[in-house]
Each structure stands twice: as structure tokens, then as C-alpha cells.
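Participant: Would you mind keeping the following structure in view while I ask a few things?
The values are calculated or read from the model by the stated rules, or taken from the named source; none is laboratory data. The shown structure was predicted, so the numbers you read here are calculated from the model rather than taken from an experiment. Ideal geometry is used to build each Cβ from the backbone, glycine not excepted, and the neighbour counts take in all protein chains shown. For accessibility, only protein heavy atoms count, side chains too; no ligands or nucleic acids. Shrake-Rupley method; radii C 1.70, N 1.55, O 1.52, S 1.80 Å.
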Amino acid sequence: MAAVSLRLGDLVWGKLGRYPPWPGKIVNPPKDLKKPRGKKCFFVKFFGTEDHAWIKVEQLKPYHAHKEEMIKINKGKRFQQAVDAVEEFLRRAKGKDQTSSHNSADDKNRRNSSEERSRPNSGDEKRKLSLSEGKVKKNMGEGKKRVSSGSSERGSKSPLKRAQEQSPRKRGRPPKDEKDLTIPESSTVKGMMAGPMAAFKWQPTASEPVKDADPHFHHFLLSQTEKPAVCYQAITKKLKIWEEETGSTSIQAADSTAVNGSITPTDKKIGFLGLGLMGSGIVSNLLKMGHTVTVWNRTAEKCDLFIQEGARLGRTPAEVVSTCDITFACVSDPKAAKDLVLGPSGVLQGIRPGKCYVDMSTVDADTVTELAQVIVSRGGRFLEAPVSGNQQLSNDGMLVILAAGDRGLYEDCSSCFQAMGKTSFFLGEVGNAAKMMLIVNMVQGSFMATIAEGLTLAQVTGQSQQTLLDILNQGQLASIFLDQKCQNILQGNFKPDFYLKYIQKDLRLAIALGDAVNHPTPMAAAANEVYKRAKALDQSDNDMSAVYRAYIH
């Protein structure tokens, strides 16, 4: 593989984790953002989003050399919008080039005219001028050689003009932010290239582990200098208001941080019911990966954000199911799941032979079995697919999906599951996924209660809670979950990422599951009592880490 030299301002294709190659531009990072250690990387601003990230050099390709190749393998709507944004950027850049060249020619004519009037007469002066001109011509000749290895967009700008632009200005120096507005310089491909760049293979491949888990390679959301193809400013403003009032997720975060690979979206029409903390991120990633999605939510205003992003609006659950091939649902508890299917204008009224329903809610096995029976009795197909994760993982498209039921439907949902999660498991017959999900959340909820208990015990015995966290983070219990939840407690920030009332609900259902098979669950039962106390202290709508407050009252 021949080396490719990249520099500030280059247009590139950048690949982050399992996220599809995306068009971007190499820009200066923010002042307070340190460059990652290790392999060489560049800070890339991606088109069509407000996304920036450090990308390793081996995960970058020149934009123009690989444009056709990338367009063939990526068909999503958002991807096409990003490419359109690049082309618009290039058109503007070309216009600036032409204007700059015209102004440069006018300046040159004026200078020549002035030089004619003040031309020196002495022989020594003529010789000095001749030598000076010879140096300029030589430098210009070298500049032309460099231009030949660049793209056509550079050709319209003279080497002398570029040299003037690249040199520091003595007067009228633009602000640093203006660097991102300059015309991008194409990458220079070194002469030792042995074969076509298309032979380059992205790393990691889909079968390899995601290497971007390296904590030094952060993903950032920063403001763009160019207006993106899809305007997020208004959406972000609304989301900030709704987050304060309802805890609704950010569609911008979902759009910017989904990290799944090149996905060919299914041609089936997708429906989605329920736009809570989990559902909102899921829908955002489905849209980003090019799926056709119709949405419904009990609070209709939450649909507006997704309509702006290309989703269609369904007036009732029955209407969504009747107009879509596969309908997903993600609601809060068994009662909500039953009401959605069996209630007025519910899912069951839209089911007919061939229609597919996928329930992603975390409920008990009895509930999901009942729903499966009524759906199948109408000729529909049913799959349960609860998800393990939280709001942030939903936004990032990194959920873990536990599925059971119709195996063929599970396979039909492949592109959807790839868009919303990092992995999925098929667990057999209906009910198995519900049981497994409750066990997973039982462990998580009990662990959270233990973390809170440890931090309060440290406090009352005069030990530093921060030191306790530092010690835990250096030991075998170290995890993102541990660090995030402890930070919530230390900062007194209990903004919901996973509602406390829902983890308590899952603990209650897990205990009932144990009772049904005569299996003891004493740890879960003890944790459940602590969460019940936290609920009595009005912590239901806070994050699960607010269970800490049950210990300090």
C-alpha cells in the first residue's frame, strides 16, 4: 500500500469504527483538544452533520480519488446529502478561486504598469532585476510541478497566489476560525504508488473488534463553519427545551454518533411506536442509515423532530401497522405494551396476514407470550427484541438486542438491528428474550445499589468518595457504567439516562420470575427495597443512580 500525504484543508473519506466511510475535511482541532497519542491522526470535520473526530491516517482516503467507489457502496439518504454538501462546498470554492484569479490578474496589470513608469536605467539595477525575476520563475516552475499532483480545483490558483495566501499576513490577519472557511487544498499523492487506491482496505473490518474504543479517540460534536445539508440548529434548540421538560433524547446526538458499518437498508417500510429515551435514539439511527420510517408517539409533538428528519407521521398505532411491513414498539412496561396492542386503534386492529410486529419493550415473559399469541392469531408475525443499554448507547447505535420468536422475521430485521445496535442475539422461542433481559437488568440494578451503598459508607466513615472511585477504576470492577454512575453521584447530576422507576420495575419482574421457578433472589430483593425507598423520595423520574439518595435520607 503506497503512502498518501495528507494535510490541513484536504477533502477526505474518513472511517470511524463500524461507521460507513463519510466525506469530510481535515481542519484544525479546538485549542483545548489534545492530539491522541500513538498513531498519526487528523482532526476531521464531516459534511452533512455537525460531527468532528480524530481519525487515524490509515482510516482516511483522498476524496476525489475514491468518490465513485464510495458512492457505489453507500446508498443511504444521509450519505447522499453529505456528498451533495461536499459538491456545494466545491462549487463555492471554485467560484472563490475564479474571483481570486481575476483580482490577481488585475493587480498584476496595475503593478506592471507602475513598474514600466519606474523601471531602473542603470546596468547594475537591470542585472539585479533579471536575477530576481529568474528566481521567481524558478519558484513558479517548482510550484507548477506541485500543482500537477493535485486536483483540478487547485489548478485555477497560481502558485504565487498560493504562496501569498500561505504566508503570514502583516496586516488584517483573519481570526483563527477563518481557517476552516478557506478553499480545501487537495491531498498530494506520493509518487511511489504501486497500484490503484481502491485496493486499500478499511480497518477494522466488520468481523474485527471495534478499535475506536481507545479512550484517546473521542467523538466530538462541534459547530460547523459550513451550513450542513440538513439544518440541525433549529432541531437542537427545540430538543434542549424538550430535554429540560421531558428528558427527551437528542436527535442530533443520535445522528452524529451512530457508529455502525456500511448498511444496505431494507426496502421494507418500517414503523416505530414509542419515542422515549430509548426509542428516539433508535429511530434516529434507522433514519440515518436510510430506512423508510413511519413514527407514532402518545405525545404527538415528539414526532415533529423526526418528521423534519424524513420520517412519516402515523396517526394511530393501527394506521402505522397497516401501512408498514415491519412495526417496532418500545414502551415502558407490561401495561403500556398491552394497551398499545389491545387498546382502541391499537396494533391488533392493523394486523393482517404478513404484517410483522416487533416488541422491544422490557416486559415479563407472560406478557410477551400473550401479545405473540394475539398477533399470530390474526395472521401476523411476531418477534420480541428487548434491548440492553441506556439513552447514550441508544443514541450511539450501540445497543445489545435480545430477540426471540419468528426466526425469519429476525433475519428480515437485520439492517434495522445493525442500525440500532452493536450486536444481537437470537434466543429461540418467545419469552426467552424477556427472561434474559430481566436477568441482565437485575444484575445491573443490584450493582447500582451496591455502588451507591459503598459511596455512602465511604462518606460516613470519613473516606474520600473520589478516592474510592479512583481505586475502583484501577481494579477489576472498572467499567464505563461504574465511572458514569459514580460521576453522577459525585456531581449530584441525576438527569435520566435510564429511569430509576424502570430499573425498579425490572427488579420487581425479575424477582417474580425467580418466584415462578422457586429460585431465591435475595440480592435483587434487597436492592428492590432500596429503589422503592428512592421512589418514595420522588426519585422515580431521575436516573437510576439517584438510588444513592435513598441512603442519605
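Participant: Considering only segment 353-363, state which residues are more than 31 Å from the chain's Cα centre (by Cα) and buried (at least 18 other Cβ atoms within 10 Å of the Cβ). Give the steps one after another, and end with the answer.
Facilitator: To start, the set of residues in segment 353-363 that are more than 31 Å from the chain's Cα centre (by Cα) comprises 353-354.
None - no residue of segment 353-363 is more than 31 Å from the chain's Cα centre (by Cα) and buried (at least 18 other Cβ atoms within 10 Å of the Cβ), so the list stays empty.
Participant: Oh, and also: Quick one: is Leu513 among the aliphatic types (A, V, I, L, M), modelled with pLDDT of 95 or more and under 23 Å from Asn542 (Cα atoms)? Working first, answer last.
Facilitator: Numbers: among the aliphatic types (A, V, I, L, M): yes; modelled with pLDDT of 95 or more: yes; under 23 Å from Asn542 (Cα atoms): no.
Here the answer is no, as Leu513 does not meet what is asked.
Participant: Spot the failing condition for Lys422; the list is (1) at pLDDT 95 or above; (2) assigned to a strand (DSSP E or B), and only one is missed.
Facilitator: Answer for Lys422: the failing condition is (1).
Participant: Here's a follow-up. Identify all residues within segment 68-83 that are open to solvent by 20 Å² or more (accessible area, probe 1.4 Å), within 19 Å of the chain's Cα centre (by Cα) and at pLDDT 80 or above; write none if there are none.
Facilitator: Gln80, Gln81
Participant: Related question: Those residues that are in a helix (DSSP H, G or I), out of contact with any Ser or Thr (no Cβ under 8 Å at 6 or more places or on another chain) and either within 18 Å of His553 (Cβ to Cβ) or not hydrophobic (A, V, I, L, M, F, W, C) (or both), I need them from segment 452-480; list them, please.
Facilitator: First, pick out the residues of segment 452-480 that are in a helix (DSSP H, G or I): 452-460, 465-473, 480.
In the following step, the residues that additionally are out of contact with any Ser or Thr (no Cβ under 8 Å at 6 or more places or on another chain) were identified as 453-457, 459-460, 465-473, 480.
Glu453, Gly454, Leu455, Thr456, Leu457, Gln459, Val460, Gln465, Gln466, Thr467, Asp470, Asn473 - these are the residues of segment 452-480 that are in a helix (DSSP H, G or I), out of contact with any Ser or Thr (no Cβ under 8 Å at 6 or more places or on another chain) and either within 18 Å of His553 (Cβ to Cβ) or not hydrophobic (A, V, I, L, M, F, W, C) (or both).
Participant: Keeping to segment 290-316, report how many residues are in a helix (DSSP H, G or I) and open to solvent by 10 Å² or more (accessible area, probe 1.4 Å).
Facilitator: Residues flagged as in a helix (DSSP H, G or I) and open to solvent by 10 Å² or more (accessible area, probe 1.4 Å) within segment 290-316 amount to 6.
Participant: Another one. Just one of Thr467, Thr450 is surrounded by fewer than 17 Cβ atoms within 10 Å (Cβ to Cβ), in the same structural domain as Ile511 (by the TED database) and more than 18 Å from Ala550 (Cβ to Cβ); which is it? Spell out how you get there, then give the answer.
Facilitator: Details: Thr450 fails: more than 18 Å from Ala550 (Cβ to Cβ).
Answer to the check: Thr467.
The rows are residues; the columns are (1) β-branched (Val, Ile, Thr); (2) closer than 30 Å to Pro23 by Cα; (3) modelled with pLDDT of 75 or more.
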{"site": "Pro62", "(1), (2), (3)": "no, yes, yes"}
{"site": "Ala85", "(1), (2), (3)": "no, yes, yes"}
{"site": "Thr99", "(1), (2), (3)": "yes, yes, no"}
{"site": "Ser104", "(1), (2), (3)": "no, no, no"}
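Participant: May I ask you to verify whether Asp359 is touching a helix residue (DSSP H, G or I) at 6+ places or on another chain (Cβ under 8 Å), on the phi < 0 side of the Ramachandran plot and of a type in the set (D, E, K, R)? Before the answer, list the steps.
Facilitator: On the way: touching a helix residue (DSSP H, G or I) at 6+ places or on another chain (Cβ under 8 Å): yes; on the phi < 0 side of the Ramachandran plot: yes; of a type in the set (D, E, K, R): yes.
Against the criterion (touching a helix residue (DSSP H, G or I) at 6+ places or on another chain (Cβ under 8 Å), on the phi < 0 side of the Ramachandran plot and of a type in the set (D, E, K, R)), Asp359 qualifies.
Participant: Pro520: assigned to a loop (DSSP other than H, G, I, E, B), touching a helix residue (DSSP H, G or I) at 6+ places or on another chain (Cβ under 7 Å) and either free of Cβ contacts under 8 Å to residues at least 12 places away in the same chain or in the same structural domain as Gln392 (by the TED database) (or both), yes or no? It would help to see each step written out before you state the result.
Facilitator: On the way: assigned to a loop (DSSP other than H, G, I, E, B): yes; touching a helix residue (DSSP H, G or I) at 6+ places or on another chain (Cβ under 7 Å): yes; either free of Cβ contacts under 8 Å to residues at least 12 places away in the same chain or in the same structural domain as Gln392 (by the TED database) (or both): yes.
Yes: the conditions hold for Pro520.
Participant: Consider Lys501 carefully, then state whether it is at pLDDT 95 or above and open to solvent by 70 Å² or more (accessible area, probe 1.4 Å).
Facilitator: Numbers: at pLDDT 95 or above: yes; open to solvent by 70 Å² or more (accessible area, probe 1.4 Å): no.
It is false that Lys501 is at pLDDT 95 or above and open to solvent by 70 Å² or more (accessible area, probe 1.4 Å).
Participant: Also: If we scan segment 40-58, do we find a residue that is open to solvent by less than 10 Å² (accessible area, probe 1.4 Å), in contact with a helix residue (DSSP H, G or I) (Cβ under 9 Å, 6 or more places away or on another chain), modelled with pLDDT of 85 or more and among the hydroxyl-bearing types (Ser, Thr, Tyr)?
Facilitator: No, because not a single residue in segment 40-58 is open to solvent by less than 10 Å² (accessible area, probe 1.4 Å), in contact with a helix residue (DSSP H, G or I) (Cβ under 9 Å, 6 or more places away or on another chain), modelled with pLDDT of 85 or more and among the hydroxyl-bearing types (Ser, Thr, Tyr).
Participant: Can you list residue pairs whose Cβ atoms sit under 9 Å apart, with the first residue in segment 393-408 being outside the structural domain of Asp497 (by the TED database) and the second being hydroxyl-bearing (Ser, Thr, Tyr) and open to solvent by less than 10 Å² (accessible area, probe 1.4 Å)? Count only pairs 6 or more apart in sequence or on different chains.
Facilitator: Here the result reads Ser394/Thr249; Ser394/Ser280; Ser394/Ser284; Asn395/Thr249; Asn395/Ser256; Asn395/Ser280; Asn395/Ser284; Gly397/Ser284, each pair linking segment 393-408 to a residue that is hydroxyl-bearing (Ser, Thr, Tyr) and open to solvent by less than 10 Å² (accessible area, probe 1.4 Å).
Participant: Which residue pairs have Cβ atoms under 7 Å apart, sit 6 or more places apart or on different chains, and have a first residue in segment 531-542 that is in the same structural domain as Ser332 (by the TED database) and a second that is in a helix (DSSP H, G or I)?
Facilitator: none
Participant: For segment 331-352, which residues satisfy the criterion of being open to solvent by 20 Å² or more (accessible area, probe 1.4 Å) and not in a helix (DSSP H, G or I)?
Facilitator: Result: Val331, Ser332, Asp333, Pro344, Ser345, Arg352.
Participant: Now a separate question. Identify the single condition in (1) assigned to a helix (DSSP H, G or I); (2) at positive phi; (3) not hydrophobic (A, V, I, L, M, F, W, C) that Gly379 does not satisfy, given that it satisfies every other one.
Facilitator: All conditions are met except number (1).
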